[in-house]
Amino acid sequence: MKIDLIKTLKYIDKDLELYGWIDVRRDHGKLIFFDLRDRSGKVQLVVTPNDPDLHKIAETLRPEWVVKISGKVVKRPDAMKNLDEPTGEIEIKVSKIEVLTQAKTPPFELSTDGYEIGEEVRMQYRYLDLRRPRLKKNLIERARVIKFIRDFLAERDFIEVETPILSKSTPEGARDYLVPSRLHQGNFYALPQSPQQYKQLLMVAGIEKYFQIARCFRDEDTRGDRQPEFTQFDLEMSFVQRDDILSLTEDLYLAIAKKLYPNKKLTLTDDGKIPRMTHKEAMEKYSSDKPDIRKDKNDPDELAFLFVLDFPAFEWKETEKRWDSTHHPFTKPQVKDTQDFWQKFKSEPGDMLADQYDFVLNGYEIGGGSIRIHDPELLKAVFEALGNNKEDIEKQFGHMFEAFSYGVPPHGGIAPGIDRLVMILMNEPNIREVIAFPKTGDGRDLMMRAPSAVDKKQLDEIGIEIKKK
Ligand code: ASP
């Protein structure tokens, strides 16, 4: 097994075989110094002029070449120690160099943090960009956060269930990505905007406690911290009230902060909880439904979580001249029953509240959720109130009503985003810095060159013709 370079300092006076990339090279007269780099860090190599053949090979080495090195770990003379580097007290006296692959000169500097380089070129050569310790760290931390979530929920008897990517349009409010069907020409799958309906159907199935690290797809004009595809930690539970969901979310996120990032300062209530406020209060006090309640907004290590509760159930959509759900139509309005719903909806639809909550961190909405309508009659009433006729409801959501007719438990959930959380934890300015292969603002993958034209043969197979502009 390959030895992590950061661990070489444990092998003083031992002969080792090491692998990695040539980092920087420094020639000091007859001595040649390199840094060898791998995922774990760097170690200094030194080639003396004693062995002319070896020295000749060393002279040819260039940054980013991949090499196998044989050599002895030796302590550096005191004057040469570099206490800023983890392996700065030792170096490797090289006895053999094997070049495994050569490398072109990278299109940009890899030894900096990379913020100064144009993002387009960083994305085009993302595999090089990711060689940067900063980005590597972001991926490592993202994996730690996800593993922590999985372990935390597994301990509490949650079942991780994968739901389909080839699916049907969901009413999450954004445009769908469509995938043409070859076998059923003229028909389309939609990529899920979230696993919303599947997770509710899993509650009908009796799963009771579900979660998933789920990819969601929304065809929106990408702004700031949005991406066409992003990752949610999606959760749903049966037989719960709002506070069960909030407490579980609170326990999990405080545990992430305290166990994984003990140096962060948490802004909590006097009894150590995540503050809660109603939507009304947030709007009145902060004119925002995602207030930034940090005590010191210049402190990069402060985490101010917040739950915003009791959102308005409906909002007026001027373009469509109709009321729409603030969250999604499955969200439970705060009403006693269907009759109460119609009464309130007909008089003051804009004043109706929902059992809906948002999860906020440092002024970012990092998640949202709700208690769901499990009474099919009330659900139908909400769909009708939002302007859907009976046929549309049947065509789009008939499967939900059918499922709900076989014994549906009361249920609710939440879906915090992974990308934004890791972005904030890592003090990064946008979510692209914590996504391995992000897309540009206009939805392109510059490295794979997607989206791209496809062969006519492929189009014929799926029965699609491209309209000439
Ligand atoms: N599916 C919802 C969303 O993506 C979250 C939820 O209601 O659980 O916003």
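The values are calculated or read from the model by the stated rules, or taken from the named source; none is laboratory data. Just so we're clear, the structure is a prediction, and the values are computed from it rather than from any experiment. Neighbour counts run over all protein chains shown; Cβ positions are idealised from the backbone, glycine included. Only protein heavy atoms, including side chains, enter the accessible area calculation; ligands, DNA and RNA are left aside. Shrake-Rupley method; radii C 1.70, N 1.55, O 1.52, S 1.80 Å.
The table for this structure:
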{"quantity": "Angle between the chain longest axis and helix 133-155 axis [Cα atoms, degrees, rounded to 10]", "calculated": "50"}
{"quantity": "Linear extension gain, A103 paired with D78, 0.36 nm per residue minus alpha-carbon span", "calculated": "5.6 nm"}
{"quantity": "Base-10 log of normalised Debye intensity for the stretch 310-384 (one unit scatterer per alpha-carbon) at q = 0.20 Å⁻¹", "calculated": "-0.83"}
{"quantity": "Between helix 242-255 and the chain: long-axis angle, C-alpha atoms, 0 to 90°, nearest 10", "calculated": "10"}
{"quantity": "Alpha-carbon centroids, the stretch 317-384 and the stretch 196-223: separation in whole Å", "calculated": "18"}
{"quantity": "M426, M448, M203, reordered so the largest accessible area comes first (probe 1.4 Å)", "calculated": "M448, M426, M203"}
{"quantity": "Cα centroid separation - the stretch 260-288 against the stretch 133-152, whole Å", "calculated": "24"}
{"quantity": "Flagged links, alpha-carbon separation over 31 Å, of K104/K457; K81/K136; K285/K346", "calculated": "K104/K457"}
{"quantity": "Overall Cα dimensions of the stretch 1-141 - principal axes, largest extent first, Å", "calculated": "46, 32, 30"}
{"quantity": "Dimensionless Rg ratio for the chain, taking C-alpha atoms and the 2.2 N^0.38 Å reference", "calculated": "1.23"}
{"quantity": "Rel. contact order, % - alpha carbon contacts under 8 angstrom, at least six apart, the chain", "calculated": "13"}
{"quantity": "Computed accessible area, I462, all protein chains, 1.4 angstrom probe, square angstrom", "calculated": "40"}
{"quantity": "Cut-off under 5 Å, modelled amide H: who pairs with S95 long-range", "calculated": "S70, G71, K72"}
{"quantity": "Pairs of Cα atoms farther than 19 Å apart, the stretch 239-347, %", "calculated": "59"}
{"quantity": "Cα gyration tensor shape for the stretch 109-217, rounded if a/c is under 1.5, else prolate or oblate", "calculated": "oblate"}
{"quantity": "Solvent-accessible area per residue, Å², over the stretch 278-322 with all protein chains present [probe radius 1.4 Å]", "calculated": "59"}
{"quantity": "Beta bridges by DSSP in the chain, antiparallel share as percent, to the nearest 5", "calculated": "90"}
{"quantity": "DSSP-defined antiparallel bridges as percent of all bridges, the stretch 2-142, nearest 5", "calculated": "95"}
{"quantity": "C-alpha long axis of helix 376-385 to longest principal axis of the chain, angle in °", "calculated": "90"}
{"quantity": "Amide H contacts of I366 (H built 1.01 Å from N, under 5 Å, at least 5 apart or other chain)", "calculated": "F359, V360, L361"}
{"quantity": "Potential extension, R144-N187 segment - 0.36 nm per residue separation minus Cα distance", "calculated": "11.5 nm"}
{"quantity": "Rounded FRET efficiency, nearest 0.05, which uses the C-beta distance separating I6 from T60 and R0 of 30 Å", "calculated": "0.65"}
{"quantity": "Efficiency of FRET between K336 and M283 - r from beta-carbon atoms, R0 30 angstrom, step 0.05", "calculated": "0.70"}
